[in-house]
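Readers should treat all values here as calculations from the given coordinates under stated rules, not as data from a laboratory. Computed from a predicted structure; not experimentally measured. Heads up, the Cβs are rebuilt from the backbone with ideal geometry, glycines too, and the neighbour counts pull from every protein chain shown.
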Amino acid sequence: MKKKFRLIIAACVALTGCSEKTAPTFPHTTDGDPTDAKYFNFDLNADETGYIISAKADADLPLYVILPATYEEKPVVAIKERGFAGGKFISVSIPAGVTETGIRAFADCKYLATVVYGKDVEKNSAGEYAATQIIRSYAFSGCTKLEYLTLTAVSKIDGGAFAYCNKLESVTVEKTAEVATNAFPATVKVERKA
């Protein structure tokens, strides 16, 4: 299994230039069709206006995951607490309609290298993104390979959200985003969009 994974990563490096310090362009990260619904559980939220998504326990998720924006004609509005924890995928794209990433939702995803928030968000009339997404405590804690992070439309990042993500060097957040002082490892440079 380790040998197979190393071959996949080597192919990623060869095909996408992952070894460079620029964000790789993975298929199914910022564009493309959502990952098939067969991999997910969809639970209605309390007011039955949208779904909370998580991975099925027996799901062997693809390496590049795009969460769907809708399911059965209702929006996907949240990611369940520990919903994808320990997953073996390397990229996840989260649509703008997902307003909350639950506590430890992606914790300990040891191979996760790229996270894209708000891939389909539009700018308002002032030319700014309408920031509505919240990342809860320890949501990505222990994602030791996480290196590329796009936080478009994220309005709040709770404490420890990216704890132990030691490959991260810098991130850019919306100028209005509320970011806990310990949201990222101390070595990460946090910049605000002008």
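Pairs exceeding 32 Å between alpha-carbon atoms, taken from LYS56/LYS175; LYS38/LYS189; LYS38/LYS110; LYS38/LYS193; LYS167/LYS193; LYS38/LYS175: LYS56/LYS175; LYS38/LYS189; LYS38/LYS193; LYS38/LYS175. In order along region 80-88, phi translates into HN-Hα couplings of 4, 3, 6, x, 10, 4, x, x, 10 Hz, rounded to whole numbers, per the Karplus curve 6.51 cos²θ - 1.76 cosθ + 1.60 with θ = phi - 60° and x for Gly and Pro. Each semi-axis of the equivalent ellipsoid for region 61-109 is √(5λ) with λ an eigenvalue of the Cα gyration tensor; in descending order they amount to 18, 13, 8 Å. For ASP47 and THR172, the FRET efficiency from 1/(1 + (r/R0)^6), where r spans their Cβ atoms and R0 equals 45 Å, is about 0.85. Proximity of backbone amide H atoms, modeled 1.01 Å from N, is registered between ASN41 and SER54, ALA55, LYS56 at under 5 Å, excluding neighbours fewer than 5 places apart on the same chain.
Under a model in which nothing but the beta-carbon of Lys, Arg (+1) and Asp, Glu (-1) is charged, region 30-78 shows a dipole of about 100 debye around its Cα centre. Computed from phi, the 3J(HN,Hα) profile of region 53-58 under the Karplus parametrisation 6.51, -1.76, 1.60 (θ = phi - 60°) reads 9, 8, 7, 5, 4, 9 Hz, with x in place of Gly and Pro. Taking the Kirkwood radius as Rh and the Cα radius of gyration as Rg, region 56-187 has a ratio of Rg/Rh equal to 0.95. The value given for region 30-94 is a Kirkwood hydrodynamic radius of 12.1 Å, derived from the mean inverse Cα-Cα separation. Derived scalar couplings between HN and Hα for region 170-179 equal 8, 9, 10, 10, 4, 5, 8, 5, 8, 10 Hz in order, rounded to whole Hz, by the Karplus curve 6.51 cos²θ - 1.76 cosθ + 1.60 (θ = phi - 60°), x for Gly and Pro.
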